[in-house]
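Okay, structure first, notes after.
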Amino acid sequence: AAGRKRRSRRIAADSKEDAKREEEEKGDKSSSSEVSSPPQKRSKRIPVPREEEYDRRWTQVEVRALLEGVEELGEGQWAEILGAYQDILINRTPSDLRMKYRNLLIKQQREHERAQRIAKHRPAGRKKPVRWGVEETELLL
């Protein structure tokens with residue numbers, strides 16, 4: 001037990017000496033006439049170049065395969081859909097399928113709401129504009 005106390009005291013004394021040296025070095029630097037810039041933060045993440053396949057737009061064939069897969073296998077079965085249509089959905093992940101399907105649903109919902117707004121403000125009686133007859137035109141002249 002006595003040996004452990006001595007080691008911990010030595011470690012504590014060493015760390016105190018290191019702290020004093022650092023303070024002295026900082027004091028020396030701050031007294032100089034040069035203004036130092038703040039230290040730059042290092043990023044913890046290493047940038048990884050993205051592959052071009054991930055930036056590809058969805059083709060109509062891929063969208064049709066996704067919709068057929070959802071119809072056959074059900075929503076949420078992204079890995080199974082990917083396996084069933086692996087020859088079409090090349091370089092796509094289950095997460096890509098999920099996000100694309102969600103975006104398709106959002107687009108469909110917006111189009112439906114827009115159609116309802118237009119229908120709400122359209123006059124019910126007339127769907128086509130009425131043309132004036134010859135008699136009405138003559139009355140105006």
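The values are calculated or read from the model by the stated rules, or taken from the named source; none is laboratory data. Fair warning: this is a prediction, and the values are worked out from it, not measured in the lab. A quick note on method: Cβ atoms are made from the backbone with ideal geometry, for glycine too, and the neighbour counts reach across all protein chains shown. We work out accessible area using only protein heavy atoms, side chains counted, and drop any ligands, DNA or RNA first. Shrake-Rupley method; radii C 1.70, N 1.55, O 1.52, S 1.80 Å.
Considering 73, 89, which residue is within 21 Å of the chain's Cα centre (by Cα) and either on the phi > 0 side of the Ramachandran plot or not acidic (Asp, Glu) (or both)?
Testing whether each residue is within 21 Å of the chain's Cα centre (by Cα) and either on the phi > 0 side of the Ramachandran plot or not acidic (Asp, Glu) (or both) leaves just 89.
Of the residues that make up the stretch 110-125, is at least one in contact with a helix residue (DSSP H, G or I) (Cβ under 9 Å, 6 or more places away or on another chain) and at pLDDT 85 or above?
No - not one qualifying residue is present in the stretch 110-125.
For the stretch 61-141, please list each of the helices (runs of 4 or more DSSP H) lying entirely inside it that holds at least 2 residues being open to solvent by 80 Å² or more (accessible area, probe 1.4 Å).
Helices (runs of 4 or more DSSP H) meeting the threshold: 94-121, 134-140.
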